[in-house]
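Trainee: One structure is given below, represented as structure tokens, and several questions about it will come after.
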Amino acid sequence: MATLVTGKGAPYIEDIWSIDDFRNVADAFYEEEEFTDDELLEAMELVVDNFDANYGITWETIEAALDQIVWERKQPSD
């Protein structure tokens, strides 16, 4: 997923994750759960909000964010 970008000034590494990546994880690991685009976007926001450069963004961090969405669904509403 990471790409070395050299044509835009100083070189840098770009690591792009799309909603389709989140959908692929959801489809692969959550057979009994369906996620809306809004929920996938919420999972993306969770990954950004909890980003740790020591670990980066991995399939596991995406799965953890989706776990959080599923957990929140199961909480009783007031």
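The values are calculated or read from the model by the stated rules, or taken from the named source; none is laboratory data. Keep in mind that what you see is a predicted model, and the values were worked out from it rather than measured. Counting neighbours? That spans all protein chains shown, and the Cβs are built from the backbone with ideal geometry, glycine included.
Trainee: If I ask for residues that are under 12 Å from the mean Cα position of the chain (by Cα), over 23 Å from Ala2 (Cα atoms) and of a type in the set (S, T, N, Q), which ones from the stretch 46-78 would you list? Don't jump to the end; show me each part of the working.
Mentor: Let us first name the residues in the stretch 46-78 that are under 12 Å from the mean Cα position of the chain (by Cα), namely 46-51, 56-69.
Still in the list and also over 23 Å from Ala2 (Cα atoms): 67-69.
Answer for the stretch 46-78, where residues must be under 12 Å from the mean Cα position of the chain (by Cα), over 23 Å from Ala2 (Cα atoms) and of a type in the set (S, T, N, Q): just Gln68.
Trainee: Counting only residues that are part of a loop (DSSP other than H, G, I, E, B), surrounded by 15 or more Cβ atoms within 10 Å (Cβ to Cβ) and under 9 Å from the mean Cα position of the chain (by Cα), how many does the stretch 17-45 have? I'd like the intermediate steps shown before the answer.
Mentor: Narrowing the stretch 17-45 to residues part of a loop (DSSP other than H, G, I, E, B): 17-18, 30-36.
Filter again for surrounded by 15 or more Cβ atoms within 10 Å (Cβ to Cβ), leaving 17, 30, 35.
Those still in the list that are under 9 Å from the mean Cα position of the chain (by Cα) too: 17.
The number of residues fulfilling the criteria is 1.
Trainee: Next question. Take Glu14 and decide whether it is within 28 Å of Leu4 (Cβ to Cβ), loosely packed, with under 13 Cβ neighbours inside 10 Å and either within 8 Å of the chain's Cα centre (by Cα) or modelled with pLDDT of 95 or more (or both).
Mentor: No.
Trainee: Is it true that Trp71 is surrounded by fewer than 12 Cβ atoms within 10 Å (Cβ to Cβ) and among the aromatic types (Phe, Trp, Tyr)? Even if it seems obvious, please write down each step before you answer.
Mentor: Working: surrounded by fewer than 12 Cβ atoms within 10 Å (Cβ to Cβ): yes; among the aromatic types (Phe, Trp, Tyr): yes.
The answer is yes for Trp71.
Trainee: Looking at the stretch 46-68, I want the residues that are modelled with pLDDT under 95 and have a partner that is of a type in the set (Phe, Trp, Tyr) with Cβ atoms under 8 Å, at least 6 apart or on another chain. Which pairs are those?
Mentor: Ile57/Trp17; Ile57/Phe51
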